[in-house]
Amino acid sequence: MLTYVIKRVLQSALVLLIVGLVAFSMFRFVGDPIDNLLGQERTDADIARLRVELGLDQPFPVQYYKFLEGAVQGDFGVSYRQGRPVGEILLERAPATLELAAVSGFLAISIGIGLGVFTAIRKDGFLANAIMSISLIGVSLPTFLIGILLIYVFAVELGWLPSFGRGDVVQFGWWSTGLLTASGLKAIVLPAITLGLYQMTLIMRLVRSEMLEVLRQDYVRFARARGLKARTVNFRHALKNTLVPVITVTGLQLGSIIAFAIITETVFQWPGVGLLFINAIQFVDIPVMAAYLMLISVMFVAINLIVDLLYFAIDPRLRTDGKGAH
Amino acid sequence: MSDTLLDIEGLSVHFPTRRKLFVAVNKANLAVEPGEIHGLVGESGAGKSTIGAAVMGLLDRPGHIAEGTVRFKGEAISGRDAEGMRALRGAKISMIFQDPLTSLNPLLTVGQQLEETIQFHLKLSDADSKARAIELLDRVGIPNPSERINQYPHQFSGGMRQRVVIALALCSEPDVIIADEPTTALDVSIQAQILDLIKELARERQTGVILITHDMGVIADTTDKVTVMYQGEVVESGSTEQVLGAPQHEYTKSLIAAVPRPTLKVHRFPQLSYGGRQITFEIEDLARNWKRPEPTKSGTLLKVEGLTKTFLQSGSIIPSRRKYFTAVDQVSFDIREGEVFGIVGESGSGKSTVARMIATLYQTNGGKIFFDDREVTSLKTAKDLESYRRQIQMIFQDPFSSLNPRMRVDEIIAEPVRHHKLLEGDAIQHRVDELLERVGLGSEAGRKYPHEFSGGQRQRISIARALATQPRFLICDEPTSALDVSIQAQILNILKDLQEHLGLTMLFISHDLPVVRQMCDRVGVMRQGQMVEVDDTETLFANPQQAYTQELLSLMPRLEGLSTEGLEGEIV
């Protein structure tokens, strides 16, 4: 088990190293940053001076090493556009995105698993079939369209919820939260639903099909034959066995919730890292883009690592290293 | 009759489908007294498991009880609603399923599953239910129960798991246990232990047991009464002695006649003549066109010397820390041309691994294989290996997974011919049609897909495929273990014909000793990767030398009470 964890951590480090290389290459291959930094009236001396200042005169491996050295310490350089350290900007923006991702992830998992179990148990019921049909819409509609529809109905027509922004926030050190104020809570509803709807339907459909498979298994029939209550059979025996494949997909989906928050954040003008990234692309703000890429990949890798460790927590068969009876 | 535990009267179970009504059980009667083991026997599809599910209220939809009553201690239970049935399940009537590997939840410890059931039924405290769980595990013969209670199902062997399943069924102190094929997935020695346990429990606790099985040996050794089912109907019922010894119904007679006997060697198995399921196998026609190779000079077709196979058990970067498991350990034997050589052994003894090494499906880790006086293990060129592979063909155990479901039957049979480039053009189709005719399926079967055939028909397709390259040597790995006894008789007859008329040499692998006695000229006994004893079949069965062989033979069901009507052979 410990060897497995160490192996996985090493693999994760390798993945991050490669992503770092890609992120870093952007500095060199996506245009010359000097052009962006200096205006029209520049002299050759200015260019040479800035080149040395930014360390761009050094060979590629040295630059990469310095970039990594900085990245590990949270120093991603200075934003070309804002002139402030990228780490600082990210830290400021990250809580908004993480809160949005957490709320929509929670919605997606709780409602998705709940509906999945329901539609599996009431396989032929009218309500279950209706939910299954509606869920097709969630899978097939693009995120921005759902966002716009929600804004139209709940913000424009009904006027219940705000259509953009994060509402009032409360500051805890560097972390700002909108979950403690009424306007903040109101503001998060629509973006969270928009962002989580696709994952929710996906999780629901996955749980349903896995659950139908598990309900056919002998141990579920045997649990029923022992007279156990339907609730015990369905949740204690069946649901837990559906979780292993569900966790794999859910883990990946949580990663993409954070990564794909870009669209939702744009639609709702949510002040998170996604919106920051879109703005950075518009102004070729490469340090911000590179840092964003690194941040997202760290999250993906971390979530996958957690997923792999969760397997051990759920499935005892993985824990024994093949020492049990065959 | 007032103390009858379970009384099933005129029970019919219907499965309405879109096209027609499928009657799974038709007006069945069955009664179980306290302490009695009542066998329910029949072939697959006879409706015996459906009766068990109907009594438990566990019929899969849209199946339902259409008519008849089930009475438990005189009270009708068949009309109860779902909640009423659930209160009865487990509490008064328990069930044991066939496969101990799948009937326990892999994610909960044995103790959690036991305690949950005990608490639910007996309303005991946590500590008391744990004590009771340990007591139950001890009762069903699991050593160190207080330690093993915290283990997960995968840490138990198959036989131990079935004991856990029985302990779970006993949690609520039921009056009736329905055991659906409880020993079919187990080795013969484990089977004997489990059946002894069931007998003991029935006697001690005065529990009524319905034992559902297709195995006549289990019925003969275990049950007090027996009910025979055929296509949803009860055809005969009575005391075990009487039904097996002097069957009245034609179906029972033909079923009993198809059972391979350990003590009676027959030349051919009588075909099951009930219900018009006769098949013909035209061996003479096949023999006419069969190219027979030159016989080997030494008379030994296959010789195996010191064959060894190890599998990596746990890997490591450091070679000295790798752990290996020796599946086959220094096995030697030889097979004479034209004989059937049997290998018997329990699961995990390495018999299938030997077959796979001979078929070059596995690499050997030591030892030599000689075929027709040439060393196979040193064959270097692809051409030599291909020529060897053409001459040996395999028939596998499971007729459902050994045929590609996406290929048509004629493609399946033609594939080895095309691969070895034996024929071209129309000649291929000609050979396929001929083979299908000969194995009794008819050439039109070639246009269908495997799923349109029953298990026995599929096994005949496997035989046709194996014969397509006109091999000299046939490896049959448990060819009839997945089949009903009447179908088994058909397949065994076909194999006997192949040996006799085509001069094929066979390696016949089985765990079923009576079948081996009927089929093989010589037998090798394997245990934990080693060949324990090799001898002529009759000598080995009559006078086993090794302790392990003696033990295996002593566990073999004697079947002496079975009627011998319709059998021709010598009693040995």
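To the nearest 0.05, how large is the calculated FRET efficiency for residue A:88 and residue A:305 if R₀ is 25 Å and r is the Cβ-Cβ distance?
Efficiency, rounded to the nearest 0.05: 0.40.
Starting from the Cα of residue A:42, step 7 Å toward the Cβ, then list every residue of segment A:58-80 with an amide N under 18 Å from that point.
Of the residues in segment A:58-80, A:58, A:78-80 have backbone N under 18 Å from the label point off residue A:42.
Would you please put B:423-436, A:120-133, B:92-105 in order of how densely packed they are, using the mean number of other Cβ atoms within 10 angstrom per residue and starting with the highest?
B:92-105, B:423-436, A:120-133
Give me the mean projected area, in nm² to one decimal, of the convex hull enclosing the Cα positions of segment B:283-571.
Dividing the Cα hull surface by four gives the mean projection, 17.9 nm².
To the nearest 10 degrees, how steeply does helix B:409-419 sit against the main Cα axis of chain B, on a 0 to 90 scale?
Between the helix axis and the principal axis of chain B, the angle is about 40 degrees.
Please report, to one decimal in angstroms, the Kirkwood hydrodynamic radius of chain B built from all distinct Cα-Cα pairs.
Hydrodynamic radius (Kirkwood, Cα pairs) of chain B is 26.0 Å.
Listed here are the pairs B:291/B:448; A:229/B:123; B:448/B:496; B:27/B:48; A:7/B:323; which of them are more than 18 Å apart at the Cα?
Violating the 18 Å Cα-Cα cut-off are B:291/B:448; B:448/B:496; A:7/B:323.
Using alpha-carbon pairs under 8 Å, 6+ residues apart, how would you state the relative contact order of segment A:196-326 in percent?
For segment A:196-326, the relative contact order is 21 percent.
Obtain the nm distance between the two label points defined at residue A:141 and residue A:158 by a simple spin-label model: each point lies 7 Å from its Cα along the Cα-to-C-beta direction.
Each label point is offset 7 Å from its Cα along the Cβ direction, giving 1.3 nm.
Counting each DSSP H run of 4 or more residues in the protein assembly as shown as -39500 (n - 2.57), what helix-only mean residue ellipticity at 222 nm follows after dividing by all residues, to the nearest 500 deg cm²/dmol?
-15000 deg cm²/dmol
Of A:126, A:48, A:302, which is farthest towards the positive pole of chain A's charge dipole, taken about the Cα centre with +1 and -1 on the beta-carbons of Lys, Arg and Asp, Glu respectively?
A:126
Using the beta-carbon distance between residue A:72 and residue A:177 and R0 = 25 Å, what value does 1/(1 + (r/R0)^6) give for FRET efficiency, to the nearest 0.05?
0.35
Could you point to the residue in B:108, B:369, B:543 farthest towards the positive end of the protein assembly as shown's charge dipole, with +1 and -1 charges on the Cβ of Lys/Arg and Asp/Glu respectively?
Of the options given, the answer is B:108.
Full extension from residue B:150 to residue B:294: what is 0.36 nm times the residue separation minus their Cα-Cα distance, to one decimal in nm?
Going from the current span to full extension adds 45.6 nm.
Within segment A:184-227, whose backbone N sits under 19 Å from a point 7 Å along Cα→Cβ of residue A:168?
A:184-189
When only C-alpha pairs under 8 Å and at least 6 residues apart count, what is the relative contact order of segment B:283-571, in percent?
24
Can you give the Rg and Dmax of the protein assembly as shown based on its C-alpha atoms, in angstrom?
That works out to 35.0, 114 Å for Rg and Dmax.
Provide a whole-number value for the mean count of partner chain Cβ atoms within 10 Å of the Cβ atoms in peptide A:228-236.
Taking all residues of A:228-236 together, the mean is 3.
Mind grabbing the base-10 log of I(q)/I(0) for segment A:93-283 at q = 0.15, 0.17 Å⁻¹? Debye formula, identical points on the C-alpha positions, no solvent, two decimal places.
So the normalised log intensities work out to -0.91, -1.06.
Once both labels are modelled 7 Å past Cα along the beta-carbon direction, what's the residue A:8-residue B:267 spacing in nm?
6.7
Please list the radius of gyration and Dmax for chain A, considering alpha-carbon atoms only, with Å as the unit.
24.2, 87
Taking R0 as 56 Å, what's the FRET efficiency between residue A:18 and residue B:124 from their Cβ-Cβ distance, rounded to 0.05?
0.45
Between residue B:196 and residue B:19, how many nm apart are label points set 7 Å from Cα along the C-beta direction?
4.9
Once both axes come from the Cα atoms, what is the angle between helix A:2-29 and the longest principal axis of chain A, in degrees from 0 to 90, rounded to 10?
40
Among B:314, B:332, B:295, whose Cα sits farthest toward the positive end of the charge dipole of segment B:277-377 (+1 at Cβ of Lys/Arg, -1 at Cβ of Asp/Glu, about the Cα centre)?
Of B:314, B:332, B:295, it is B:314.
Report the relative contact order of chain A, percent, no decimals, based on alpha-carbon pairs under 8 angstrom and at least 6 residues apart.
The value is 26 percent.
Every number in this text was worked out from the coordinates using simple rules, so none of it is lab data. Note that the structure is a prediction, hence the values are computed from the model and not measured. Here Cβ is always computed from backbone atoms with ideal geometry, including for glycine, and neighbour counts include all displayed protein chains.
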